[in-house]
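To start, the structure itself, in structure tokens.
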Amino acid sequence: MTEEIRVPKLGMVQSDITVVEISKKDGDVVEKDEKVAVIETAKVANDVYAPAAGMIRYFRKVRDKVAAGDLLAVVAENKEALDGFLEAQGPQEAVREPVASKQEEDEWHVNLSFEEDEPVHRPGIAPPRSDPMPGPPPLSLEGRKILKRIPFMGMRRTIADNLVFSLQSGAQLTIVSRTDMTGLEKLRKELLLDYPDARITYVDMLVKILARALREFPIVNSALVGEEIVCWDEVHVGVAVALEDGLVVPVVRNADKKGLAAVSREIKRLSGKARSRELQPEDYQGGTFTLSSGGKVETDIITPIINPPQSAILAVGKIGPQPAVHEGQLCVRTMTHLCLTHDHRIIDGVPASLFLGRVKEIVESQELFRKVLR
């Protein structure tokens, strides 16, 4: 008896899936529900498990591009059963090069993958050169001691390609505002008592603040689509989550319409899915703005890169005690730096500064933040 292991459908994604890890060798014995491979879409890695115990035989290798339904491997109860399956199978299945489908574009019909079969000229961007750009000579590894080799593919490669595209296709400018978080810190302690199960964080509170400010400044909640700047009538805030092998940005949808406790639960649910590699494409597609937090790292100022096709991103530096002038007196306050990167093609300096100033104003005023919660 043999059990086939087919490439699963990952949400709406049916193609452009990469095999990034083969966990066993051909002929190894595996247990039921043991991990046998890892596959990745553009943003998310997913483990593949054995459906039964037995000997495994792979039909795909690392770096192969596969599509949902492709035969990845089989598990046989013994060698005779495996040989019988291979004989009945005949020539191994041809590796099909996946083709992107219309279903894999998001609900706004904007291609978020930025992977195209043929070069497409975008307005304001120089067309690609036909001759190769001069570059440095190849790096030789001969005689060098290497600690670790990390394949530059899958999620890591997709992140790199998107970041390079973002920098090359937009006029990115970062502005910074030093912001007093002392009032927000006190209010957070109160909210922890009011919502003990929600465990309210600064990120939860900032998502709500950003959602309000984005409603007031719709140009920041926008994207360049073809020849038009489109201001969305929905506020979907992406929250960057750092993983060991990259950064993913799950999206809190309609953040302006959700209460603080609901936003907090949603962020924790999505972060948990991200860390357990259970995110589906619909969890990270369609964001209109992104929040990135430095967390506990010792970084004061960050110049974040915009997450295409969005037009802006806010990063929060280290939050902690710093000398500051408050009400005319030098004292120690809980401070941070709010760092807004915006695409100057879409958002001029004045509206960007007014938007950041509004966020700072709400952060520094408990009264204004309580109005946000209403």
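Where a number appears in this text, it was derived from the coordinates with a stated rule and is not lab data. Treat the numbers as computed from the prediction; the structure is a model and nothing was measured. Positions of Cβ are generated from backbone atoms using ideal geometry, with glycine treated the same way; all protein chains shown enter the neighbour counts.
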Rounded to a whole number, the Stokes-Einstein D of the range 2-89 in µm²/s (Kirkwood radius over Cα pairs; 10 °C; 1.306 mPa s) is 122
So Ser276 and Tyr49, fully extended at 0.36 nm per residue minus their Cα-Cα distance, gain in nm 80.3 nm
Across 10 Å bins beginning at 0, the whole-percent shares of Cα-Cα pair distances in the range 222-333 come to 13, 36, 31, 16, 5, 0
Answer in debye to the nearest 20: the dipole magnitude of the chain about its Cα centre, from +1 Lys/Arg and -1 Asp/Glu charges placed on Cβ, is 1380
The pairs in Lys186/Lys268; Lys35/Lys208; Lys268/Lys371; Lys35/Lys148; Lys61/Lys268; Lys65/Lys268 lying past 29 Å Cα-Cα in this model are Lys35/Lys208; Lys61/Lys268; Lys65/Lys268
Expressed in angstrom, Rg and Dmax over the Cα atoms of the range 155-372 are 16.8, 52
Ranked by GNM mean-square fluctuation in the chain (Cα springs under 10 Å), the top entry among Val62, Val248, Val239 is Val62
Given 64-73, 305-314, 28-37, 144-153, the highest-first ranking by average Cβ count within 10 Å works out to 305-314, 64-73, 28-37, 144-153
Residue separation between Glu31 and Glu77 times 0.36 nm, minus their alpha-carbon distance, gives in nm 15.5 nm
Zone reached by a paramagnetic label modelled 7 Å from Lys189 Cα along Cα→Cβ, restricted to the range 332-348 with backbone N below 11 Å, covers none
Across Pro281, Pro351, Pro138, the residue with the highest GNM fluctuation in the chain (Cα network, 10 Å cutoff) is Pro138
Rounded to one decimal in nm, the spacing of the 7 Å Cα→Cβ label points at Ala324 and Ala68 is 4.8
If Thr288, Thr179 are placed from fewest to most neighbouring beta carbons inside 10 Å, the sequence is Thr179, Thr288
Under a Gaussian network model of the chain whose springs join Cα atoms within less than 10 Å, the largest fluctuation of Leu139, Leu187, Leu224 belongs to Leu139
Of all trypsin sites (Lys or Arg not before Pro) in the range 245-302, the ones in DSSP coil with at most 11 other Cβ atoms within 10 Å are Lys296
Label model pair Thr201, Glu228: point-to-point distance (7 angstrom along the Cα→beta-carbon line) in nm is 3.7
Extension length gain for Ile301 and Val332 (0.36 nm per residue less Cα distance), in nm, is 9.2 nm
